[in-house]
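These notes concern the structure reproduced below.
The values are calculated or read from the model by the stated rules, or taken from the named source; none is laboratory data. Note that the structure is a prediction, hence the values are computed from the model and not measured. When we count neighbours, we look across all protein chains shown, and the Cβ atoms used for this are built from the backbone with ideal geometry, even at glycine. Side chains are part of the model used for accessible areas, which takes the heavy atoms of the whole protein and leaves out ligands, DNA and RNA. Shrake-Rupley method; radii C 1.70, N 1.55, O 1.52, S 1.80 Å.
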Amino acid sequence: MKSEEFLISTLPIKPQKEINIGMLLSPTIMDFIGNILGAQKIIGFNIIHSYEQKDNELYGYLDAINESKIEYDSIFVDKDHDVELLEIVDKMYHDGFLKIKQKEKIRCECGRVDMIPSSINNGKMYRLENGKIICNYCNQVCNKYMERSLVFELKDKLNKTLLCPPYLKKELNSFYRTFNNSDFLVSKNRNTGYVIDTLSGSFNIDVDFIWSNYFKLYDNPKQIYIASNHQLFLMFLMSYLAEKTSNNDLLFIANPYLNVDLKEAKRQYELRTLKEYKQLLLLYNFRWQNKNCNWSSTNTTYLNNISETKVRNLYNAMILSSKELLESELPLEELIFKILNEKSNMQNNIKDMKRLYKKNRL
């Protein structure tokens, strides 16, 4: 029986032609934590894009998810909800959350780089050469313009941010300092395919801003979203949107970045078809006290040399011992961190398996 209180979802993942281990990490955590909480489990996909068609990649990704035996209740594809999401953005404008301002912008000829100066960092869309910003697609210098733009104001500090692991809050707070009293650009000069009309004219809406509001489509009072810690700015933005423009409470899980040889990791992942093996292999490789961690083949050696029964017992022990924590009075943020940091640790898991076996619970 799924709890209507909890929803757990990956932040929308952009499907790729080649599926790698990194793309299975967030769905695995979603399945694991969702089983413990009895939550509604969703895998999110981002295929709204101005330049590429991602439908074929989506089907390939879903095949990989199903082959890995990752369980979910539904999928969220942003493209299937684009009308609803655009209505949400339109309502934000009419409710006064989005403002029309004259903004200095930096833009290239092809329009893929289109931003305000305060957003400049080492982005994927452009590079810095001799003090100039060069678009990585049209290879042209980006010039400055003054343009009428639609923006979301970042002017008040958030009252709370729920983030796991908690040490990353320091980095999240740096975004507050960097972007305090600044504007987040919502509109783009190029045709994004998504337009809202105002009394002052029409605006093309940034597709990433559109799907960043997708949490508003759900009524669940507690919503948990998972992504790599490389997505902290998006988590910051969604936290801000949630607190200032909705009644939703969001909790984010920012999993460590895994340094790994993708081909070798895939080979090890496919050594056994057992779901419990695949889940344990990935969960054991996380070091939740670190922002980056290395893949350990020691986990593979151990899991590949024990019986299927023992692998299942290990996984079931991890679920049961984690559920024991639900009886505590820990806040949700601390509860989830304790589960990820302690209960999915291989040595602790082995101890819990032996303890539960002696009690005839396995």
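Other residues whose C-beta falls under 9 angstrom from the C-beta of Ala242 contribute a net charge of 0, scoring Lys and Arg +1 and Asp and Glu -1.
So with the 1.4 Å probe, I'd like the accessible area per residue for the chain, rounded to whole Å².
48 Å²
With a threshold of 21 Å on the Cα-Cα distance, the over-threshold entries among Lys310/Lys351; Lys101/Lys188; Lys17/Lys263; Lys291/Lys323 are Lys291/Lys323. In this simple spin-label model, placing a label point 7 Å from the Cα along the Cα-to-Cβ direction at both Arg177 and Gln289 gives a separation of 2.5 nm. Extension gain for the segment Asn316 to Thr298, taken as residue separation times 0.36 nm less the Cα-Cα distance, is 4.4 nm to one decimal. Normalised by the number of residues in the chain, the average gap of Cα pairs under 8 Å and 6 or more apart makes the relative contact order 16 percent. Start at zero, step by 10 Å, and the Cα-Cα distances of the chain spread as 5, 22, 31, 24, 12, 5, 1, 0 percent across the bins.
Averaged over residues, the count of other Cβ atoms within 10 Å places the peptides 169-176, 4-11 in the sequence 4-11, 169-176, highest first. Shape class for the range 1-86, computed from the alpha carbon gyration tensor (a ≥ b ≥ c): oblate, with a/c not under 1.5 and a/b at or below b/c. Taking 0.692 mPa s as the viscosity and 37 °C as the temperature, the Stokes-Einstein diffusion coefficient of the range 197-245 based on its alpha-carbon Kirkwood radius rounds to 259 µm²/s. In this calculation the C-beta distance from Phe233 to Asp73 is compared with R0 = 25 Å, giving a FRET efficiency of 0.30.
So what is the diffusion coefficient of the range 175-320 in µm² per second by Stokes-Einstein at 25 °C and 0.890 mPa s, using a Kirkwood Rh over Cα pairs?
129 µm²/s
Quick check on the chain: of the DSSP beta bridges with both residues there, what percent are antiparallel, nearest 5%? Restricted to the chain, the bridges split so that about 50 percent are antiparallel.
Pairwise Cα separations in the range 272-362 fall into 5 Å bins from 0 onward with the following percentages, short to long: 2, 14, 24, 24, 19, 11, 4, 1.
The equivalent ellipsoid of the range 1-145 has semi-axes of 35, 22, 14 Å, largest first, where each one is the square root of 5 times an eigenvalue of the Cα gyration tensor.
Checking the cross-link pairs Lys54/Lys216; Lys157/Lys222; Lys155/Lys244 against a 18 Å limit on the alpha carbon distance flags Lys54/Lys216; Lys157/Lys222 as lying beyond it.
Geometric descriptor of the range 66-167, per residue, is 244 Å³ (volume of the convex hull of the Cα atoms).
Using C-alpha pairs under 8 Å with a sequence gap of at least 6, the mean separation divided by the residue count of the range 212-349 gives a relative contact order of 21 percent. If the segment from Ile350 to Lys323 were pulled out straight at 0.36 nm per residue, it would be longer than the present Cα-Cα gap by 8.1 nm. Can you give the FRET efficiency to the nearest 0.05 for Met125 and Leu274, using r as the Cβ-Cβ distance and R₀ = 41 Å? According to the calculation, E is roughly 0.50.
Applying 0.36 nm per residue to the separation of Asp156 and Arg361 and subtracting their alpha-carbon distance, the gain on full extension is 68.8 nm.
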